[in-house]
1. Taking the solvent-accessible surface of protein heavy atoms with a 1.4 Å probe, what is the per residue accessible area of segment A:4-50 in Å²?
2. Mind checking the full-extension length gain between B:SER260 and B:ASP67? Use 0.36 nm per residue of separation minus the Cα-Cα distance, one decimal, nm.
3. Determine the relative contact order of chain B: mean sequence separation of Cα pairs under 8 Å and six or more apart, normalised by residue count, in whole percent.
4. Which order do B:SER230, B:SER129, B:SER27 take when ranked by solvent-accessible area (1.4 Å probe, heavy atoms of all protein chains), largest first?
5. What does the charge dipole of segment B:153-253 about its Cα centre add up to, to the nearest 20 debye, if the Cβ of each Lys and Arg holds +1 and the Cβ of each Asp and Glu holds -1?
6. By how many nm would the segment from A:LEU12 to A:ALA51 grow when fully extended, if each residue of separation counts as 0.36 nm and the alpha-carbon distance is taken off?
7. Using a 1.4 Å probe on the protein chains only, how many percent of the accessible area of the protein assembly as shown belongs to carbon and sulfur?
8. Rg and Dmax of the protein assembly as shown over Cα atoms: what are they, in angstrom?
Amino acid sequence: MASFVPTSDETLEDLRRYTEDRLVDVACLDCLAQVRVKKNSDHQTSVQWSAEARADCQEFQRRGQAPGGRDVHKPCSRLMASIDDAVRAGAVPIGAYDGY
Amino acid sequence: MTDTRMLDQGTQPIRFARGWHCLGLASDFADGKPHAVQGFGTKLVVWQGGNGELNVLDGYCRHMGGDLTQGEVKGDHIACPFHDWRWGGDGKCKEIPYARRVPLRARTQRYETVVRNGQLLMWHDPEGSAADHELLPPELPDVMTDKYTPWSWHTKEINGSHCRELIDNVADMAHFYYVHFAFPTSFRNIFDGHTATQFMESKGRPDTMGGGYGDENSTLKSVATYYGPSYMINWLEVDYKGFITEVILINCHIPTGPTSFTLQYGISVRKPEGLDEKTCAYIAERYTESFGDGFLQDVAIWENKVAVQNPLLCEEDGPVYQLRRWYEQFYVDVADIAPEMTDRFEFEVDTTKANEYWHAEVADNLAKRAAAEADAEAAAPADA
Ligand code: FES
Ligand SMILES: [Fe+2]
């Protein structure tokens with residue numbers, strides 16, 4: 001049950017558009033983690049993890065699960081490098097449709 | 001059918017968020033007197049018992065509705081001003097001095113508490129679960145010691161906005177330029193589990209008088225994490241002409257009604273080496289002032305905007321929809337938390353285009369100002 005309730009169906013469509021559209025699978029080159037990625041431009045990147053991928057990531061495993069100070073929230077450098085690789089290989093299209 | 005986009009204002013939730021909420025500095029409640037705190041659609045009573053423990057109960061006595069915040073602390077208990085029923089921190093009525101026995105059902109709403117970093121936190125859950133200590137914000141090493149200035153703590157009531165407006169700031173890159181007068185040069189978000197983090201680097205605008213996020217001489221590196229729905233720790237590194245100061249800003253709130261909340265913020269500054277106490281206190285005061293101004297800049301916007309369920313975004317905007325999806329987890333039953341609400345999500349905003357435009361605009365503003373000053377000087381009567 002949603003707590004903030006939209007009053008129109010188009011809002012639900014926007015929600016889907018902004019959070020789900022155009023995500024493409026990218027696998028980490030160093031571990032089993034597979035994430036979904038979107039790039040609106042060279043410098044913009046969205047990375048959508050799943051619980052499964054989060055558990056597969058060796059880097060996060062090492063850092064431990066419990067959020068402590070400020071450092072535990074940093075991205076995994078291996079996964080980021082893997083995404084850069086995928087982008088170079090043309091596996092992740094770059095560019096936005098209409099703000100998403 | 002029309003192409004005009006409609007604002008979907010939606011409906012606000014009827015419940016308050018589940019999670020740890022900060023009520024203020026623990027020391028402010030530790031005087032053996034009852035304190036009133038508005039929160040969660042009611043009034044809470046907070047007091048420290050003789051045993052030193054801080055307690056939070058619903059503020060209204062279950063006997064005849066007396067206002068416990070106007071009562072008296074007697075021993076470990078809070079005594080109602082109406083007929084002197086004595087309530088314990090565990091929510092049970094411990095004694096009715098004029099009665100033979102206490103009714104078995106004499107239990108009121110109590111809230112579990114923890115003191116963390118010198119602040120009193122309470123657990124709120126509409127489902128009535130036991131407090132989850134795993135979800136507490138981390139302890140801040142060295143804060144509350146000699147190495148940091150003591151918390152400078154402030155409270156502000158906000159009316160006419162749901163507290164989600166405050167949360168939206170986490171993903172809002174562009175408002176830092178327009179509302180807080182800074183160039184956000186780097187901007188990232190990570191949402192993960194019950195935390196939501198904003199990483200930002202910014203530089204003050206030279207065409208404004210500073211305020212909030214500093215002037216042209218200062219650059220800021222900021223890491224700000226919400227631990228649950230209402231408690232943010234913001235680690236700030238301010239570089240002012242090469243002089244670096246570490247500031248910790250707590251930004252937290254208590255919802256009071258469906259469209260009102262109490263904003264609280266506290267600042268503690270790592271004392272720079274070699275500076276005396278007075279100078280350290282002065283620096284802390286300046287930062288408190290400027291971040292306080294920053295909140296007022298936001299408040300001015302909130303007080304006049306409407307709620308929007310369907311924000312329309314451009315490519316330079318942050319991940320507002322994902323942030324709200326994360327925030328939703330605190331408003332549904334635990335059993336209804338969907339995986340996507342807590343799944344990790346990372347987002348980097350492309351600030352290139354925005355900063356190109358902003359720098360040109362600022363240069364233009366400075367040129368206009370210089371021209372206006374030159375004109376005013378030429379028009380002024382010669383002062384012999
Ligand atoms: S109303 Fe509180 S003791 Fe009667
Ligand atoms: Fe803001």
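The values are calculated or read from the model by the stated rules, or taken from the named source; none is laboratory data. Since this is a predicted model, take the numbers as computed values, not measurements. All Cβ positions, glycine included, derive from the backbone under ideal geometry; neighbour counts span all protein chains shown. Note: areas computed on protein heavy atoms with side chains; ligands, DNA, RNA excluded. Shrake-Rupley method; radii C 1.70, N 1.55, O 1.52, S 1.80 Å.
1. Working: 2270 Å² over 47 residues.
Accessible area per residue: 48 Å².
2. Working: separation 193, 0.36 × 193 = 69.48 nm, distance 2.18 nm.
Once the chain is fully extended between B:SER260 and B:ASP67, it gains 67.3 nm.
3. Numbers: 765 pairs, mean separation 67.3, N = 384.
Worked out over chain B, it gives 18 percent.
4. Numbers: B:SER230 0, B:SER129 50, B:SER27 85 Å².
Descending accessible area places them as B:SER27, B:SER129, B:SER230.
5. Working: 7 positive and 12 negative charges, 7 e Å.
Value, rounded to 20: 40 debye.
6. Details: separation 39, 0.36 × 39 = 14.04 nm, distance 2.37 nm.
Fully extending the segment from A:LEU12 to A:ALA51 adds 11.7 nm.
7. Details: 11610 of 22950 Å².
Roughly 51 percent of what the probe reaches on the protein assembly as shown is carbon or sulfur.
8. Expressed in Å, the Cα Rg and Dmax of the protein assembly as shown come to 25.2, 93.
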